[in-house]
């Protein structure tokens, strides 16, 4: 079959490899000049920055992708465990190093929250139990039609803790404000609020802490480069700077794509790695969609976005490790401003990836490459980035100076930033979101766009805006889900 893939983000790369490995003729059309989508990189002189994901979890899903393509992941990528996984800085000066080795973490906890040492152990068991009940039922299941729902265990469904919020469950389990803040942080990994997202998302600490989080030697962008290399070895063709104007539909069947240059490409199957909402509302001719489908697509709440500050500096700070998080003082206010008021927080939690800690060649000698991420609301009229981009960056720099990065502003030799506006214009993500679809709902697993269109035949979806969600492993799993549905529906 002749396959056209829209977008060379991680989902598009993964599904292209899988389809090509099955003998299909695959062409990927990408509006930008390189693969990766939001998983990308910036280089300037001696500084190199990842601008997308900064941690790889559930590497067995990526390893399975290579295996399905008769390749070995370790021939392409060098995975490195990190010690600590992350260092957390609290407003009162408390520092918490979190390790995947339980005994080392417990030793840390005994120094600032001894009353919660046992609760930490129990919470990770609870998180593991959530994973056991959700993985096969919700992650590795396309959840497309009745035969998929039949596999859901009703008792397991009621055991996934979907009727409390992350915050409620964490508050109940811990006495210490330190560990409460720590465990509420994990919902932001898929762009959601701990005060709105179901407690099911407490599965994320299990994925990172129990299963392990990894860095890829050379930077996370190596994953995108590896998948491009794998795809090309399988015969996949890439057409860059090829923006899609529309998907051609004939008799309610996807028949091809029309490029912005006017050329038309006939296809047996189209797989969109473009944001699902953008695909449905802008690429499919509206006469082929019901008003119910259009309204549903338009009403999907995107995840939050992010404000990224890239700083190349001519010094290093001993207090910074590879992953660092500086907590805000008022967590509830921070999330209310982001998710309800749709404005940038007055006192934000600040994440810093300092890959030069593990990869010294990402910065000049004695220098550092700081990727700084602040959770931001998705695009709305409530916040004007044209007016605030530079001043908000200044605010973050000043705050970091107060938190121990002494004279940071005097050591900056490279500075740039990325706002939600760029995430939308460059990647066409729904309202500039960076994690796909929001999980701020008890039934979020069931309302994400599926990996196959229900109204247009031969049209499939992959990526963080689709089931099962955002983040490297789930995006790759969306490709596996799409393959399952293609084999189920196209071979009849």
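Some values worked out for this structure:
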| quantity | calculated |
| --- | --- |
| Residue in segment 91-100 that is within 21 Å of residue 327 (Cα to Cα), modelled with pLDDT of 95 or more and buried (at least 19 other Cβ atoms within 10 Å of the Cβ) present | yes |
| Hey, residue 82 over 28 Å from residue 403 (Cβ atoms), outside the structural domain of residue 19 (by TED's automatic domain parsing) and in contact (Cβ under 8 Å) with a residue 24 or more places away in the chain or not | no |
| Residue that is nearest to residue 186 (Cα to Cα) [pool: residues in segment 329-366 that are part of a helix (DSSP H, G or I) and within 20 Å of the chain's Cα centre (by Cα)] | 335 |
| Condition met for residue 306 (touching a residue at least 60 places away in the same chain (Cβ under 8 Å) and either outside any strand (DSSP E or B) or over 25 Å from the mean Cα position of the chain (by Cα) (or both)) | no |
| Segment 155-183: number of residues that are surrounded by fewer than 21 Cβ atoms within 10 Å (Cβ to Cβ), in a helix (DSSP H, G or I) and either without any contact (Cβ under 8 Å) to a residue 60 or more places away in the chain or out of contact with any helix residue (DSSP H, G or I) (no Cβ under 8 Å at 6 or more places or on another chain) (or both) | 10 |
| Residue satisfying condition, being without any contact (Cβ under 8 Å) to a residue 40 or more places away in the chain and under 22 Å from residue 139 (Cα atoms), within set 186, 214 | 186 |
| Qualifying residue in segment 415-427 (condition: free of Cβ contacts under 8 Å to residues at least 40 places away in the same chain and under 22 Å from residue 188 (Cα atoms)) | yes |
| Count of segment 93-111 residues which are part of a helix (DSSP H, G or I) and under 29 Å from the mean Cα position of the chain (by Cα) | 6 |
| Residues located in segment 191-200, provided they are closer than 19 Å to residue 302 by Cβ and either out of contact with any strand residue (DSSP E or B) (no Cβ under 9 Å at 6 or more places or on another chain) or part of a loop (DSSP other than H, G, I, E, B) (or both) | 191, 192, 193, 194, 195, 196, 197 |
| Residue match in segment 19-34 (condition: surrounded by fewer than 21 Cβ atoms within 10 Å (Cβ to Cβ), free of Cβ contacts under 8 Å to residues at least 24 places away in the same chain and not in a loop (DSSP other than H, G, I, E, B)) | no |
| Flag if residue 433 is surrounded by 21 or more Cβ atoms within 10 Å (Cβ to Cβ) and in contact (Cβ under 8 Å) with a residue 24 or more places away in the chain | yes |
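The values are calculated or read from the model by the stated rules, or taken from the named source; none is laboratory data. Not measured: the values here are computed from a predicted model. Quick reminder, even Gly has a Cβ in these numbers, built from the backbone with ideal geometry, and neighbours come from all protein chains shown.
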